[in-house]
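Single-structure report; data block below.
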């Protein structure tokens, strides 16, 4: 089976979407050929049965031009693929869904997010199946929706050289946007820093380079008097994120239910104890370190509890979570499942 894939980015060094590279590598094992249209193309090293086509960004003035490129790729390469797989961006379906159907192609859509709109509903009409990971995802409501594994690249968790895990260390790693709530983590740290041994690292950048939000979070850390205990490392390549997971004791993720961030599973695979607000994660590994959404006091309480654990106690929790969460959520498991669902 030959697959046409539309996605945002193909760049293994991308700080947020670099994991797509691993996805492509895994899917290439299950399909005869992959033809990929991406808004941005950067560093990549992919199998010979993968072809990448740059579509350029969806900027305000470029939208019409980009839409035409999507339609052109869909039409001109119509004999080179049997089905279409759209990752996250419903715009592809709104632009070309009618053409996919006109050409008689089966259409698959991956979208996992708590938010959605009438545009998402329209995009769903063009799809044979919609894939999601969180039961709280907006797309879980559709009759043709299929829940699938998250797809954790466990192989990348193993580094060649040993990395020392720093005691009482806290990690936030993700987009520096309000939806990820790094500001909430800073508030919680401020509540316990006076009587709790800790050091915290914030890794990530904003999806909008002009956003004032990251600077406001840093300024708030200064106001709380914890700037000597907090490091803002900025964005790093996806390939470097595993080093942070392996060198920290506790990982904090405040994304709301409906997203089920892959980073939670990466952190667990790397030996980091997770604190989270996701109801899906609580169902998978248990509620011991689950936090109330948007509640800095509850997050502070859970941070204090996690940081008070001995290393033996912390490691025991992590081992238990690895058994519950990792084996069924790996990238190879996801690749096989997607291939099965698309060839049924």
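The values are calculated or read from the model by the stated rules, or taken from the named source; none is laboratory data. No experiment lies behind these values; they were computed from the predicted model shown. Here the Cβ is made from the backbone with ideal geometry for all residues, glycine too, and neighbour counts use every protein chain on show.
The figures follow:
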read-out	value
In segment 208-221, the residues that are closer than 21 Å to residue 241 by Cβ and loosely packed, with under 13 Cβ neighbours inside 10 Å	208, 209
Filter result for residue 265 (buried (at least 19 other Cβ atoms within 10 Å of the Cβ), in contact with a helix residue (DSSP H, G or I) (Cβ under 9 Å, 6 or more places away or on another chain) and without any contact (Cβ under 8 Å) to a residue 40 or more places away in the chain)	no
Which numbered condition residue 318 misses (of (1) out of contact with any helix residue (DSSP H, G or I) (no Cβ under 7 Å at 6 or more places or on another chain); (2) surrounded by fewer than 21 Cβ atoms within 10 Å (Cβ to Cβ))	(1)
Filtered residue count, segment 89-108, keeping only those that are closer than 19 Å to residue 67 by Cα and without any contact (Cβ under 8 Å) to a residue 24 or more places away in the chain	1
Residue match in segment 122-130 (condition: under 20 Å from the mean Cα position of the chain (by Cα), under 20 Å from residue 3 (Cβ atoms) and free of Cβ contacts under 8 Å to residues at least 60 places away in the same chain)	yes
Filter pass, residue 142 being crowded, with 22+ Cβ neighbours inside 10 Å and without any contact (Cβ under 8 Å) to a residue 24 or more places away in the chain	no
Residues located in segment 80-99, provided they are more than 29 Å from residue 277 (Cβ to Cβ), out of contact with any helix residue (DSSP H, G or I) (no Cβ under 7 Å at 6 or more places or on another chain) and assigned to a helix (DSSP H, G or I)	80, 98
Selection count, segment 76-104, where residues are crowded, with 20+ Cβ neighbours inside 10 Å and over 19 Å from the mean Cα position of the chain (by Cα)	8
Which numbered condition residue 204 fails, given (1) surrounded by fewer than 21 Cβ atoms within 10 Å (Cβ to Cβ); (2) over 26 Å from residue 320 (Cα atoms)	(1)
Checking residue 218 against (1) more than 30 Å from residue 312 (Cα to Cα); (2) under 23 Å from the mean Cα position of the chain (by Cα); (3) modelled with pLDDT of 90 or more, the condition it does not meet	(2)
Some residue of segment 9-19 being surrounded by fewer than 19 Cβ atoms within 10 Å (Cβ to Cβ), at pLDDT below 95, on the phi > 0 side of the Ramachandran plot and not in a strand (DSSP E or B)	no
Selected residue [crowded, with 18+ Cβ neighbours inside 10 Å, farther than 16 Å from residue 339 by Cα, more than 18 Å from the chain's Cα centre (by Cα) and not assigned by TED's automatic domain parsing to the domain that holds residue 239] from 73, 35, 68	73
Filter result for residue 53 (within 28 Å of the chain's Cα centre (by Cα), in a strand (DSSP E or B), buried (at least 22 other Cβ atoms within 10 Å of the Cβ) and at pLDDT 95 or above)	no
Failed criterion for residue 328 (all others in (1) assigned to a helix (DSSP H, G or I); (2) in contact (Cβ under 8 Å) with a residue 40 or more places away in the chain; (3) closer than 30 Å to residue 145 by Cβ hold)	(1)
